[in-house]
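The values are calculated or read from the model by the stated rules, or taken from the named source; none is laboratory data. Since the model is a prediction, treat every value here as computed from it, not as a measurement. FYI the Cβ positions are ideal-geometry reconstructions off the backbone, even for glycines, and counts take in every protein chain you see.
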Amino acid sequence: MRKLLFFSVTSISVIFILFNSSIVEKVSSRFNKTIYDIKINNIENLQEDYILSNLRIKKGDSFWTFNSRKLKNDLKEIKEVENFFFNLNSTGLLEISIEERKPHMVWIKSDRLYYLDENGNILNFSKYSFSNLTEIRGSVEKKKIKRI
């Protein structure tokens, strides 16, 4: 009797698993979910590659190990970023909206333009869409730039 009961339960389990393999695939695909894309929104003067290279999170990283605190810290470290907002949706798309820091002046040195923030830090802008900024020419100390 026990053998018949064991055989019946085993047979039913095997049949159930074979017919419901799609359930197993769905469950395993949820655990293997990755961040399939990272989109950067609202950038005018920064390169997307520059921002992505400063983040520890990359395309293909596990959805489940996403750490919002690390992403916040990484974005705060980028001196060209004033403010940000991000959202990781359930499909694995990470969207980051950025508010860029506005430069306060232009430093012209050796025929090159450097955009400076209010603390005299050089902003790494690749495109330049600024006008009516104060111009400084030649060599200037950072302390003097802060006073200006």
Residues located in segment 123-143, provided they are buried (at least 17 other Cβ atoms within 10 Å of the Cβ) and modelled with pLDDT of 80 or more: 123, 125
Residue match in segment 33-49 (condition: modelled with pLDDT of 90 or more, under 16 Å from residue 75 (Cα atoms) and in a helix (DSSP H, G or I)): yes
Condition met for residue 146 (within 16 Å of residue 50 (Cβ to Cβ) and either part of a strand (DSSP E or B) or at pLDDT below 75 (or both)): no
Residues of segment 91-122 classified as surrounded by 14 or more Cβ atoms within 10 Å (Cβ to Cβ) and closer than 30 Å to residue 35 by Cα, total: 8
Conditions (1) closer than 22 Å to residue 42 by Cα; (2) not assigned by TED's automatic domain parsing to the domain that holds residue 61; number of the one not met by residue 92: (2)
Residue in segment 118-131 that is in contact with a strand residue (DSSP E or B) (Cβ under 8 Å, 6 or more places away or on another chain), outside the structural domain of residue 37 (by TED's automatic domain parsing) and part of a strand (DSSP E or B) present: yes
